[in-house]
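**Student:** Mind having a look at this structure? Questions to follow.
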Amino acid sequence: MMNNFENIVEKLRELGVVFEVIEFPDEVILTREKDNSLGHNYDQKTAIKTLIVKTKVGLRAIILKGDQRIEEKRLEEIVGKWTVADSKILFEEFGFMPGTVCPLVLKIPILVDKQALEIPVWSMRVGDTKKGLNVRLEEIVKCLKFKTVKVASSIEEKFKQITRNCQEVLTEEDLKKLIESGKTIQHYIGFEISGMVHLGTGLMSMGKIADFLRAGIKCKIFLADFHSYLNNKLGGNWENIRWASDNYFKQALIASLKCFGVDESEVEFISGKKLYEDNPKHWETFMRVGKQITLSRNLR
């Protein structure tokens, strides 16, 4: 049976749960980062997410704050080896599509991260990617049986994870404020396609990205093929630069990420070609002309 918004709301009313409906104009699977609700009654700081994981002894539900990630080793110490349940299991076992799981109607053991219990109101999914519910914590504890655990990072732990092995942070105060805001932190790093991937480019940089990801930061890696072409790297041959970008440089960074237990799907790779593809002729012409004009000629 499909667990949709209507039948979930009916079940909650039968249980006497008091709630407020949230409606959105668009469909989003991941945790929403801003309030675009029709009633302006969504707060990202109160958002929670529910993950269904597979263990050797069955399925478990993990509830944590929407902007947090599970610390894999901490959860493993509690439930043993685990993996995230796929969309087939979500639908066949619970009638949910990805991004719509409502924890209040689950019939499996539930683990709640202690930081989620510090939120006075839970904004949760409810069988629909365009709808949700605000439910006060006192209502939740009346109808939900769960075990309290610590599987997500605190603000201080996030700060230490982000700044680990860093020589300088500009500035620590700003970073702490950003973490405390609950906003999704974005990270970007770019590489010129100029030669072999060395220890600094590969292991050192990707190791830091692994730290960022574990702290819940979204990471983007820019492969600067146009910049490489403009700077005459790899002989200034565009075809060689593009081939090396996709088939060597990117693959070397992916291999480096795997050394830290990070899958390539956890980061976003962007090439200059992809970035400028909306106007490819303009940018290619700009670069080709730019290579033929010297600084002295421009000054004249």
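**Student:** Is region 142-156 home to any residue that is assigned to a helix (DSSP H, G or I), within 27 Å of P120 (Cα to Cα) and outside the structural domain of C102 (by TED's automatic domain parsing)?
**Tutor:** Yes; the residues of region 142-156 include at least one that is assigned to a helix (DSSP H, G or I), within 27 Å of P120 (Cα to Cα) and outside the structural domain of C102 (by TED's automatic domain parsing).
**Student:** How about region 157-188: which of its residues are farther than 14 Å from D67 by Cβ and not in a helix (DSSP H, G or I)?
**Tutor:** Result: R164, N165, C166, Q167, E168, V169, L170, T171, H187, Y188.
**Student:** Looking at region 246-282, which of the residues that are of a type in the set (S, T, N, Q) and over 28 Å from A215 (Cβ atoms) is farthest from the chain's Cα centre (by Cα)?
**Tutor:** Once the filter is applied, the top-ranked residue is N279.
**Student:** Is it the case that region 241-262 has a residue that's at pLDDT below 90 and either out of contact with any Gly (no Cβ under 7 Å at 6 or more places or on another chain) or within 21 Å of L199 (Cβ to Cβ) (or both)?
**Tutor:** Looking for residues that are at pLDDT below 90 and either out of contact with any Gly (no Cβ under 7 Å at 6 or more places or on another chain) or within 21 Å of L199 (Cβ to Cβ) (or both), one finds at least one in region 241-262, hence yes.
**Student:** Also, I was wondering about something else. Given the structure, is K208 surrounded by fewer than 19 Cβ atoms within 10 Å (Cβ to Cβ), within 20 Å of Q167 (Cα to Cα), within 20 Å of the chain's Cα centre (by Cα) and of a type in the set (K, R)?
**Tutor:** Yes; evaluated as a whole, the condition is true for this residue.
**Student:** When region 118-150 is examined, which residues are found to be acidic (D, E) and closer than 16 Å to L38 by Cα?
**Tutor:** D128, the sole residue that qualifies.
**Student:** Under 7 Å between Cβ atoms, which residue pairs at least 6 apart in sequence (or on different chains) link something in region 177-205 that is over 30 Å from Q115 (Cβ atoms) and in contact (Cβ under 8 Å) with a residue 24 or more places away in the chain with a partner that is acidic (D, E) and surrounded by 12 or more Cβ atoms within 10 Å (Cβ to Cβ)?
**Tutor:** Listed pairs, sorted by first residue: I193/D225.
**Student:** Out of the residues in region 210-240 that are within 22 Å of K273 (Cβ to Cβ), of a type in the set (A, V, I, L, M) and in a helix (DSSP H, G or I), state the one that is modelled with the highest pLDDT.
**Tutor:** Within region 210-240, the match that is modelled with the highest pLDDT is L234.
**Student:** If a residue has to be under 17 Å from K114 (Cα atoms) and touching a Lys or Arg at 6+ places or on another chain (Cβ under 7 Å) to count, how many in region 70-84 make the cut?
**Tutor:** 2
**Student:** Residue under question is K150, and the condition is that it be at pLDDT below 90 and among the charged types (D, E, K, R); does it hold? Write out each step before concluding.
**Tutor:** Values: at pLDDT below 90: no; among the charged types (D, E, K, R): yes.
In short, no.
**Student:** How many of the residues in region 212-240 are touching a strand residue (DSSP E or B) at 6+ places or on another chain (Cβ under 8 Å) and either surrounded by fewer than 21 Cβ atoms within 10 Å (Cβ to Cβ) or under 30 Å from R32 (Cβ atoms) (or both)?
**Tutor:** 12
**Student:** Checking D113 against (1) in contact with a helix residue (DSSP H, G or I) (Cβ under 9 Å, 6 or more places away or on another chain); (2) surrounded by 16 or more Cβ atoms within 10 Å (Cβ to Cβ), only one condition comes out false. Which one?
**Tutor:** So the condition that D113 fails would be (1).
**Student:** Same structure again: Checking D174 against (1) of a type outside the set (A, V, I, L, M, F, W, C); (2) in contact with a Lys or Arg (Cβ under 6 Å, 6 or more places away or on another chain); (3) within 30 Å of R32 (Cα to Cα), which single condition isn't satisfied?
**Tutor:** Evaluating D174 over (1) of a type outside the set (A, V, I, L, M, F, W, C); (2) in contact with a Lys or Arg (Cβ under 6 Å, 6 or more places away or on another chain); (3) within 30 Å of R32 (Cα to Cα) leaves (2) as the failure.
The values are calculated or read from the model by the stated rules, or taken from the named source; none is laboratory data. Computed from a predicted structure; not experimentally measured. Please note: Cβ atoms are built from the backbone with ideal geometry, for glycine as well, and neighbour counts cover all protein chains shown.
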